[in-house]
Amino acid sequence: MNERLVQYDEKMGKSVDALVNEFSTIRAGRANPHILDKIKVDYYGTPSSLQQVANVSVPEARMIMIQPWESSLIKDIEKAILMSDLGLTPNNDGKAIRLVFPELTEERRKELVKDVKKKAENAKVAVRNIRKDANTAVKKAKTDSEISEDELKILENEIQKLTDKYVAEVDKLTEAKSKEILTV
């Protein structure tokens, strides 16, 4: 790969990585501790992630158990979960909090798939914007006489191949996540 394109390859890769990260926070009927990644709890005045203040485990396929290091945090953790958009009700026994994942309804599964497709489309737009930046940069290099007309054509082809590769990867990830959500 041409060294002029390495930075654009990395940026496109980061866009896909961000999508993978977003997909991990979408629940598909099974308990996944990553859905708690965005939840912050006030720990002595500092907003901290749940993993920093508690042990998060998955004892059963549809349950997450949160055991805070300090029992005084239980109320704060419970409040943070209730205020999040997870749609889960925490069960607190004084020592730990249990989150039971109800079986997703067909309607909810379809909503989640729509959400997955929307996030995927945003990732594709990001990849295409990076393609536009790359094309602009190589055209500028051509006008500045840094590269020839032939090199410009070769670089534009390579940029398009990169774009196609990452868009295909987004499509593959979307297909897999949608299938995971729709599987009962």
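The values are calculated or read from the model by the stated rules, or taken from the named source; none is laboratory data. Remember, predicted model here, so these are calculated numbers, not experimental data. Here the Cβ positions follow ideal geometry from the backbone for every residue, glycine too, while neighbour counts run over all protein chains shown. Each accessible area value is taken on the protein alone, full model and side chains, heavy atoms only, with ligands, DNA and RNA left out. Shrake-Rupley method; radii C 1.70, N 1.55, O 1.52, S 1.80 Å.
Considering the range 1-33, the residues that are over 30 Å from Glu151 (Cβ atoms), touching a Lys or Arg at 6+ places or on another chain (Cβ under 8 Å) and surrounded by 18 or more Cβ atoms within 10 Å (Cβ to Cβ) include one that is modelled with the highest pLDDT, namely Leu19.
Residue-wise test of (1) in a loop (DSSP other than H, G, I, E, B); (2) touching a residue at least 40 places away in the same chain (Cβ under 8 Å).
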site: Arg30; (1), (2): yes, yes
site: Gln67; (1), (2): no, no
site: Gly87; (1), (2): yes, no
site: Lys95; (1), (2): yes, no
site: Glu107; (1), (2): no, no
site: Glu111; (1), (2): no, no
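Return a yes/no flag: does the range 169-184 have any residue that is touching a residue at least 24 places away in the same chain (Cβ under 8 Å), surrounded by fewer than 18 Cβ atoms within 10 Å (Cβ to Cβ) and closer than 30 Å to Val53 by Cβ. Yes, that holds for at least one residue. Just one of the listed residues (Ala120, Ala126, Ala80) is in contact with a Lys or Arg (Cβ under 7 Å, 6 or more places away or on another chain) and outside any loop (DSSP other than H, G, I, E, B), namely Ala80. Which of the residues spanning the range 60-81 are at pLDDT 85 or above, farther than 14 Å from Lys95 by Cβ and open to solvent by 70 Å² or more (accessible area, probe 1.4 Å)? Within the range 60-81, Lys79 is the sole residue that qualifies.
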